[in-house]
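Trainee: Here you go, one structure.
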Amino acid sequence: MSEDSTLPGRRKRAARRKVALPARLRADAAWVDVTMMNVSPRGFMVRTDEPVRIGGYVELRRGIDFNIVGRVVWKRGRDVGVKTQDDIDVDALLQPQGKATRGGRTTDRSTSTATAERSRHVGTMIQYVVVVTMVVAGAITAASTVNVMLRPTFDRIVRALGPDEPVQIEAQMATRNMDDAHGK
């Protein structure tokens, strides 16, 4: 039978295009690297080492422009067949990773990649500044709290030691210096 033949009680099978495209697949909560082996407007086959359950829903991501959701309908060894609810634009999916089509024109993704990298860098710097500010504010708060807690104890120690001896000694030295300056 050919790929496009129909079996009794079944819809006509869509033509498959053999490919070998890297992609990311999310099954349950984990994203894994896969290789897309073939694709049609109604589904795709991927090869993966990760376990995927028949009947489960998966999301396939290729580049930044393609997210495809489908249901796993069969599994043979490492190969997994996925049927999609919406048709796949196969020609657009096969565009090189560095180019994307929007409104019939091809655009270079290097600009959006550079913008994303710049945004990631700015976000990291903002996060760093916030963390440093919080650490400094925490240190000031801790120092202030320690000061408030220990102030009564230090005041009692100073009172127990008696009058301010360093102040008296400095006053006596200042008086002697003034007497020496006036020749007394």
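Trainee: Translational D (Stokes-Einstein, µm²/s) of the stretch 17-94 at 37 °C and 0.692 mPa s when Rh comes from the Kirkwood sum over C-alpha pairs? Before the final figure, lay out each step's value.
Mentor: Details: Rh = 12.1 Å.
Here the translational diffusion coefficient equals 271 µm²/s.
Trainee: Roughly how many whole Å is it from the C-alpha centroid of the stretch 132-163 to that of the stretch 65-91?
Mentor: Centre-to-centre (Cα) distance: 65 Å.
Trainee: Of the peptides 64-71, 120-127, how do they stack up when ordered by the mean number of other Cβ atoms within 10 Å, highest first? Present the calculation step by step, with values, prior to reporting the outcome.
Mentor: On the way: 64-71: 15.5, 120-127: 10.0.
Ranking the peptides 64-71, 120-127 by packing returns 64-71, 120-127.
Trainee: Based on the Cβ-Cβ distance from PHE66 to THR145, what FRET efficiency comes out when R0 is 41 Å, to the nearest 0.05? Before the final figure, lay out the partial values.
Mentor: On the way: r = 55 Å, r/R0 = 1.33.
Calculated value: 0.15.
Only the coordinates and a few stated rules stand behind these numbers; no lab work does. This is a predicted model, so every value here is computed, not measured. With ideal geometry, Cβ positions are generated from the backbone for all residues, glycine too; neighbour counts draw on all protein chains shown.
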